[in-house]
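What follows is a set of notes on a single structure, which appears directly below.
The values are calculated or read from the model by the stated rules, or taken from the named source; none is laboratory data. These numbers come from a predicted model, not from an experiment. For neighbour counting, all protein chains shown are included, and Cβ atoms are generated from backbone atoms with ideal geometry for every residue, glycine included.
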Amino acid sequence: MNRKPRFGFFARLLAGASALAAMIMVLASQTVPGLPLVPVLAWTTAFILLAGVAITLGFYASYRWHAWCLNRGGADPQWLWMGGEAQRVHVVRRQPARRHVRRGH
């Protein structure tokens with residue numbers, strides 16, 4: 001699987017954020033006619049960036065939590081739909097843990 005970042009993904013993300021910002025600016029200018037557009041653009045940009053950071057941190061924290069649980073013997077919840085775990089998981093768990101010993105010390 002190729003996990004290289006693609007320009008198309010970032011272009012779509014930027015286009016979506018720009019469209020969202022434009023819709024908010026248009027709605028704000030129609031709702032409050034005397035409101036200058038520069039502060040609305042600044043607040044909209046700040047909100048979109050803050051939301052992006054929060055979503056990214058949420059994904060990262062979720063990934064780390066699931067990895068921590070799996071590394072300590074937890075079951076992947078997606079396997080519960082199939083009535084158990086993958087066949088290879090039981091074989092790996094039965095094997096004794098390998099300890100890294102430095103030789104010569």
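So is L49 at pLDDT below 80 and hydrophobic (A, V, I, L, M, F, W, C) or not?
Values: at pLDDT below 80: no; hydrophobic (A, V, I, L, M, F, W, C): yes.
For L49, the condition - at pLDDT below 80 and hydrophobic (A, V, I, L, M, F, W, C) - is not met.
Do we find a residue being at pLDDT 80 or above, among the aromatic types (F, W, Y) and closer than 30 Å to A15 by Cβ anywhere in the range 62-79?
Yes, the range 62-79 contains a residue that is at pLDDT 80 or above, among the aromatic types (F, W, Y) and closer than 30 Å to A15 by Cβ.
What number of residues within the range 5-43 are at pLDDT 80 or above, β-branched (V, I, T) and in a helix (DSSP H, G or I)?
4
Considering only the range 10-31, state which residues are under 27 Å from the mean Cα position of the chain (by Cα) and more than 17 Å from A42 (Cβ to Cβ).
F10, A11, R12, L13, L14, A15, G16, A19
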